[in-house]
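Reviewing the structure listed below.
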Amino acid sequence: MLAQCIVVHYHELALKGRNRPRFVARLVANLRRVTKGLGVAGIRALPGRVVLDLADRVDVEAACRQVADVFGVANYSPARRLDRDLETLRTAVSALIADRTFNSFRMSARRGDKLYPMTSMQLNEELGRHVQSLRPVKVDLSEPELTIHVEVLEREALLYTDKRPGPGGLPVGISGNVAVLLSGGIDSPVAAYRMMQRGCRVSFVHFHSHPFLSKASQEKAVELAEQLVRHQGRAVLHLVPFGELQRQVVIGAPVPLRVVLYRRLMMRIAAELALKERAGALVTGESLGQVASQTLENLMVINDAAPLLVLRPLIGMDKQEIIDQAKRIGTYEISILPDQDCCQLFVPKHPSTKTTLEQVRRAERALPIDEMVKEAVAGVVTQRVEAR
Ligand code: ATP
Ligand code: MG
C-alpha cells in the first residue's frame, strides 16, 4: 500500500469539547466541495486529522491549491499512506529520500494509536538510524534541511516531508451567515476575509451611484467578491442603486451630515437584504478614527440605524496592518484600481465628526426614509459570484 493522500491538521486546542464534531464535519464538507472533480476518492475524519485520499495519478498540487484556501486548515501535507509495520516504513523512507539531496534531517514521528508496539521516540531512533545507514547525513533537531514526518494511526501510517501552513480559523458556515458591506476600497474586503476566517458564510452588498457615476465600482466589487469567495465556494452579491438616494439627501439635509446619513441608509438597506437571507449580522470595514465618519460619535449614530448586530472586525487595526493583510489575501491590487465610488459623489468638504442622534433624526424627518429604503431595495440586482 503506497497511496497518495493529503493530510490536514487543525488547531485542536482552539476547539472546545462538543464543538469539535461540528467543526470537523463542516471542515470535511468544505474540503469535499472545493476538491470536487479533482480526483479525491474519499475524505476521512480520523482522530485529530482529516485525510483526503487521492485516486491514482491525480494532480496532487491542484488538490493542494484548493485545500490551501479552506479555513479551519492549520496545515496540510501531500503524503503517502502505508501499512504500519516497520519494514514497510523503512522501505518507504528509503524511497522518499532516494532522489533528494540534504545534509541534515530530523525524524518527527507521532503515534496516534497508543497500542502500536513502538513509541514515537523508538520510531524516531529506528527510522533515523535507517536514514543514516543510507546517507552520511547528520541529525539536526532545531534547523534540519529535511524533516520526515511519520504518523502512525489505527489502520495505517502516513509519511510526508512537506508541511505547509493553511489559513487557520474556523470552517466557513459554522458561525452562521453575515452580510458584508463591500465598497471598492481596501478595508471592507479585509473585513470580509476576517469574518470568513471566523467561520461565517458571507454575502456581499455593494452600493453604487450608476448612472450618476460610471460602472467601475460595480466591476471592482464583482472582482473583489470573486477573489474572496475562493474561501467559501460561491456567494451572492447585491448591487444596490444608491445615487438617487444620495441626490435626495443632498437636496433635503444639512451638508455636514451627508456622509452619516448615507451610512445610515446603507445600514437600513443592507439589514433588509440580510434579514431576507437569514444573516445574523452586518459587517463593515470601519476602523476607528480612519476617516471623518469613523469617530466614536459618528459610529454610534450610524449604528443606531442598523436593526441588526454590526460587526467591525477592523475597528482596532492600523491602516498599514490592513494594507498588509489586503496584499496577502490578494485584494489589494484590485482595491487600488481607480473607480468612482458612491462616496465620492456629493461629499462635503468638512463632514461633521461629532454628529448627534438628535441632529440626524431631525434631518431624517425631512426625508421620506422608508420610501427611499424601499425604492433602493426594489432596485437591487443580485448576482451569483463564483471563485476565479
Ligand atoms: P473601505 O476601504 O472599505 O472603502 P473606507 O476606509 O473607505 O472603507 P468608508 O468609505 O467610510 O471607509 O466606509 C466605511 C465602510 O462602509 C466600508 O468599509 C464599507 O463596509 C461600507 N461602505 C462604504 N461605501 C460602501 C459602498 N459603496 N458599498 C458598500 N459598502 C460601503
Ligand atoms: Mg471607501
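Being farther than 20 Å from residue 30 by Cα and either modelled with pLDDT of 95 or more or not assigned by TED's automatic domain parsing to the domain that holds residue 19 (or both) narrows it down to one residue among 181, 228; which is it?
Only one candidate qualifies: 181.
Return yes when residue 37 is crowded, with 17+ Cβ neighbours inside 10 Å and in a loop (DSSP other than H, G, I, E, B) and no when it is not.
No; evaluated as a whole, the condition is false for this residue.
How about the stretch 185-201: which of its residues are within 16 Å of ligand 1 (Cβ to nearest atom) and either farther than 24 Å from residue 333 by Cβ or touching a strand residue (DSSP E or B) at 6+ places or on another chain (Cβ under 8 Å) (or both)?
If the condition is that a residue be within 16 Å of ligand 1 (Cβ to nearest atom) and either farther than 24 Å from residue 333 by Cβ or touching a strand residue (DSSP E or B) at 6+ places or on another chain (Cβ under 8 Å) (or both), then 188, 191, 192, 195, 196, 200 are the ones that fit.
Which of the residues spanning the stretch 194-218 are touching a helix residue (DSSP H, G or I) at 6+ places or on another chain (Cβ under 6 Å) and either within 16 Å of ligand 2 (Cβ to nearest atom) or without any contact (Cβ under 8 Å) to a residue 40 or more places away in the chain (or both)?
204, 205, 206, 207, 208, 209
Name every residue in the stretch 8-19 that is surrounded by 13 or more Cβ atoms within 10 Å (Cβ to Cβ) and out of contact with any Gly (no Cβ under 7 Å at 6 or more places or on another chain), in order of residue number.
8, 9, 14, 15
Hey, among the residues in the stretch 315-363 that are modelled with pLDDT of 95 or more, within 13 Å of ligand 1 (Cβ to nearest atom) and closer than 21 Å to residue 300 by Cβ, which one's surrounded by the fewest Cβ atoms within 10 Å (Cβ to Cβ)?
315
Return the only residue of 17, 37, 72, 42 being touching a residue at least 24 places away in the same chain (Cβ under 8 Å), in the same structural domain as residue 156 (by TED's automatic domain parsing) and of a type in the set (Gly, Ala, Ser).
72
Anything in the stretch 251-263 that is buried (at least 16 other Cβ atoms within 10 Å of the Cβ), in a helix (DSSP H, G or I) and in contact (Cβ under 8 Å) with a residue 60 or more places away in the chain? List them, or say none.
256, 257, 258, 259, 260, 261, 262, listed by residue number.
The values are calculated or read from the model by the stated rules, or taken from the named source; none is laboratory data. All of these numbers come straight from a predicted model, not from anything done at the bench. Note that we place each Cβ from the backbone using ideal geometry, even for glycine, and neighbour counts take in every protein chain shown.
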